[in-house]
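Notes follow once the structure below has been shown.
All of the numbers you see were taken from the coordinates with simple rules; none came from a lab. Being a predicted model, the structure only gives us computed values, none of them experimental. Quick reminder, even Gly has a Cβ in these numbers, built from the backbone with ideal geometry, and neighbours come from all protein chains shown.
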Amino acid sequence: MCLGIPGRVVDLRDDRGLAMGVVDFGGVRREVCLAYVAPEVQLGDYVVVHVGFAISRVDEAEARRTFELLKAMSQLEELDWLGEVADRGPA
Amino acid sequence: MKYLSEYRDPAVALALLGRITQTATRRWVLMEVCGGQTHTIVRQGLDQLLEGAVEMIHGPGCPVCVTPLEQIDKALALAGRPDVIFTSFGDMLRVPGSECDLLQVRSRGGAVRIVYSPLDALDIAAAHPDKEVVFFAVGFETTAPANAMAVWRARQLGIRNFSVLVSHVTVPPAISAVLDAPDNRVQGFLAAGHVCTVMGWTEYEPLARRYRVPIVVTGFEPVDILEGILMAVRQLEEGRSEVENQYARAVTRSGTVPARELVARVFCLVDRAWRGLGVIPRSGLGLREEFAAFDAEVRFGLGSIRVAEPEECRAGDVLRGKIKPPACAAFGTRCTPLHPLGAPMVSSEGACAAYYNYGRYRVAAAEGVAG
Ligand code: SF4
């Protein structure tokens, strides 16, 4: 549960004072809170995301290596939940 | 047993294994306190490859597994209320409570929703002002910044129908509890890389000094783990007890400062019960007084729910490293991932589920209680 998933920041915006953005995880895109890595984070940067929050910045090589490993370990459940939430719609 | 050819870097792994075996003049006992590492170790059979040089004990490193039954029962009580929409991360839904689990509450018509981020729970609250929306705030230090932000945001945006059922735990007090146990056998620790991403490792320094144990901040790839083990074994052989960082490419000494700051503004240290370990003083996070309005336990008066853990489940002995999962009489028979009796069988990061999923049905003769 504590493993963060690395992804690339593809959009940045401000939601009523909170730094938000969109992060691309190997093709799956997701809204992410960037408050903890702002103001340094820029478009195209790689961040480690845990439960919808970027918790640190990493370089591209580390991001790719970790993502591939998580995939191999089938530890990308967090991304599966996205699918689960989307499929079911409002309960 | 796994084959080294399955590793991405078999040559590196092999070299590390060789160095660990050469370095160890006796069999050292190490504990990893990270569910992700437990998963890797059991899946790749690292512990079996190391046999003779190092015994790995799988510590209380899976937040799902250490959440006490009492908190699950509180969640179930809330989820069953007609005025409540109960929101949670997906992996808490199948954790057995005294009578049922959250999935069953949902199938009986309870409003239980899986969210990916606690901010999603806040959005649900904003969209349903006529309902009480409760979020199950569980996890270690990695998850605390997200949950702190949800509460902070709720206050900032004036969302009053939102509250959190907090069951946060922190790693360093669990390490102390393991070391304080009179029958402790653990001589060194691998600390969880991703937990330290947020917190850094300053909190481990006094522990390493006080208990004279090496603590190595370690990633969760097989090669990371082997490197972390080698660093710990070197320290033990040389009589050192320091905090070292194997995971330098992702972790710094002070962590992610803005995240630590918000966690400290929203939460304070509280005594917390850990499944199988009992109450550990100042081992959890609870909401500060000024955020009491967002505390589901206060709002719904849950203080009176008190339950004991099921006797058959030996989760406590597993988490403390006294037994390996197959030594539990229920393992693989009455307790399986489909019908878990205890939390370590629910999450894929739990030691019992990892042993079950990777076909470890027998206890190796050398493992077990004797030291
Ligand atoms: S096998 Fe099941 S019953 Fe036994 S300790 Fe593990 S979770 Fe508990």
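Odds and ends about this structure:
- Size descriptor, Kirkwood hydrodynamic radius, that averages inverse alpha-carbon separations across the range B:315-366, Å: 10.7
- When both the range B:235-259 and the range B:289-322 are represented by their alpha-carbon centers, they are found 31 Å apart.
- For chain B, the longest piece that avoids every one of the GluC sites (Glu not before Pro) found in DSSP loops with at most 11 other C-beta atoms within 10 Å covers B:100-310.
- Look at the stretch A:40-53: the mean tally of other chain Cβ atoms within 10 Å of its residues' Cβ atoms is 4.
- Note on residue B:27 and residue A:24: the model spin-label points, each 7 Å out from Cα along the C-beta direction, lie 5.1 nm apart.
- Segment residue B:103-residue B:282, length gained on full extension (0.36 nm per residue, minus Cα span): 61.3 nm
- Once the C-beta distance of residue A:43 and residue B:249 is scaled by a Förster radius of 30 Å, the resulting FRET efficiency is 0.85 to the nearest 0.05.
- Förster radius 22 Å - calculated FRET efficiency between residue B:130 and residue B:290, Cβ distance, rounded to 0.05: 0.25
- Under the shape rule built on the C-alpha gyration tensor, where the axes satisfy a ≥ b ≥ c, the range B:107-153 is oblate, since a/c reaches at least 1.5 while a/b does not exceed b/c.
- Rounded D (µm²/s) - the range B:230-277, Kirkwood Rh over Cα pairs, Stokes-Einstein at 25 °C, 0.890 mPa s: 171
- For the range B:94-152: relative contact order, % (alpha-carbon pairs under 8 angstrom, 6 or more apart): 25
- Here the spin labels are modelled as points 7 Å beyond Cα on the Cα-Cβ line, and at residue B:242 and residue B:336 they lie 5.0 nm apart.
- Separation of alpha-carbon centers, the range B:336-355 and the range A:16-67, rounded to whole Å: 31
- Calculated mean residue ellipticity, 222 nm, chain B: -10500 deg cm²/dmol, from DSSP H runs (n ≥ 4) at -39500 (n - 2.57) each, averaged per residue and rounded to 500.
- Where both bridge residues fall in the protein assembly as shown, DSSP classifies roughly 50% of the beta bridges as antiparallel.
- 41 Å tail of the calculated P(r), the protein assembly as shown, as % of Cα pairs: 13
- Over the range B:256-329: Rg over Rh, Cα atoms, Kirkwood Rh: 1.11
- For the range B:83-102, the residues whose amide N sits under 17 Å from a probe point set 7 Å from the Cα of residue B:312 along the beta carbon direction are B:95-101.
- Annotation: cysteines of chain B without a disulfide-compatible partner (Cβ-Cβ under 4.7 angstrom) are B:34, B:100, B:196, B:268, B:313, B:328, B:335, B:352.
- Loop trypsin sites (Lys or Arg not before Pro), the range B:50-130, which have at most 11 other Cβ atoms in a 10 Å radius of their Cβ (DSSP): B:108
- Highest-MSF residue in chain B out of B:340, B:82, B:172 [GNM, Cα springs under 10 Å]: B:82
- Two-decimal Rg/Rh across chain B, once Rg and the Kirkwood Rh are taken from alpha-carbon atoms: 0.98
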